[in-house]
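Accompanying notes for the structure given below.
The values are calculated or read from the model by the stated rules, or taken from the named source; none is laboratory data. Quick caveat: nothing in here was measured; it's all calculated off a predicted structure. Don't worry about glycine lacking a Cβ; one is built from the backbone with ideal geometry, like all the others, and counts go over all protein chains shown.
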Amino acid sequence: MINLLDLLARPERFFSSLEGKEPDLRIPAAIAIVGAIIAAIAGYAMSGLYTELYAGIAEGMGPVMGIFIIISAFIGFLVMWWLVMAVVFFLISLLFKGRGKFTHTLANTGYGLVPVIIGSIVTTLVFLSYLPRIVVPVIRNIQDPAVIQEAMQELMHDPAMMEYTWVSMAISALFLLWSANIWIFGVKQARNITLKQACITVAIPVGAFIIYTLYIAVVGVPIPGGA
């Protein structure tokens, strides 16, 4: 069991309590799997839009895409938010001569996912509140890429969809920054580097992700395998 209050509000104390212990991946893995499940649920909710989008072509097209989105969201969360993030933290910390096992970084990265998961729950609930207001166009010719692209652009530029995109991005960014605060102390403890070095290590990928999502929101192109 973990002290959730310390993890969320006093991460320095939380990770100090792990000092000198062998990394245990069981709880971080459980946290990451819960996050992946939430991502899959969000994907399921989003798949309803694609069911309507392809309703004019084949009745079974929407559900097939829905299943693909659900599986992609589940695997994508585990890979991108846990494994890739831990690898990036580990590699950047090498620039500061960080010491410590990768499994330790992986474990502490998993602990820091809790706020991201809370944010995913919030954005999913927000999406459900916007869903009835989103007008979904119907694709009637799957053989014409221009028709599909036009329908996707129309969906992404629907007023309710655009509003949800900005609201969800703001919510996600806030919870991601909360996770970043936890990761700073987790990386510091796992890699035996200074607080300043840990801040830089975490700020680079987190800042890059926030800038990228902002760019995507402005351009209006959905993130591949997005969260």
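Note down all Cβ pairs under 7 Å where the first residue falls in segment 201-219 and is without any contact (Cβ under 8 Å) to a residue 40 or more places away in the chain, the second is aliphatic (A, V, I, L, M) and not in a helix (DSSP H, G or I), and they're at least six residues apart or on different chains.
I216/I223
Pick from segment 201-223 the residues that are of a type outside the set (G, A, S) and buried (at least 16 other Cβ atoms within 10 Å of the Cβ): which of them is modelled with the lowest pLDDT?
I216
Given (1) out of contact with any Gly (no Cβ under 9 Å at 6 or more places or on another chain); (2) polar (S, T, N, Q); (3) under 21 Å from G119 (Cβ atoms), identify the lone condition not met by S16.
(3)
If we keep just the residues of segment 171-196 that are more than 20 Å from S17 (Cβ to Cβ) and in contact with a Ser or Thr (Cβ under 7 Å, 6 or more places away or on another chain), which is surrounded by the most Cβ atoms within 10 Å (Cβ to Cβ)?
S172
So which of V126, V135 ends up being at pLDDT below 95 and more than 30 Å from Q189 (Cα to Cα)?
So the residue among V126, V135 that is at pLDDT below 95 and more than 30 Å from Q189 (Cα to Cα) is V135.
Failed condition for P137, given (1) in a helix (DSSP H, G or I); (2) crowded, with 16+ Cβ neighbours inside 10 Å; (3) not β-branched (V, I, T), with all others met?
Exception for P137: condition (1).
Just give me the residues in segment 165-212 being within 16 Å of the chain's Cα centre (by Cα) and of a type in the set (S, T, Y), in sequence order.
Within segment 165-212, T165, S168, S172, S179, Y212 qualify.
When only residues in segment 77-122 that are surrounded by 21 or more Cβ atoms within 10 Å (Cβ to Cβ) and of a type in the set (G, A, S) count, which is nearest to N3 (Cα to Cα)?
So the residue we want is G112.
With the structure loaded, tell me whether E52 is under 30 Å from Q197 (Cα atoms), acidic (D, E) and in a helix (DSSP H, G or I) or whether it fails that test.
no
Going by the conditions given, is I118 touching a helix residue (DSSP H, G or I) at 6+ places or on another chain (Cβ under 7 Å) and at negative phi?
yes
Return the only residue of V167, V187 being over 22 Å from A39 (Cβ atoms) and in contact (Cβ under 8 Å) with a residue 40 or more places away in the chain.
Just one listed residue meets the conditions, V187.
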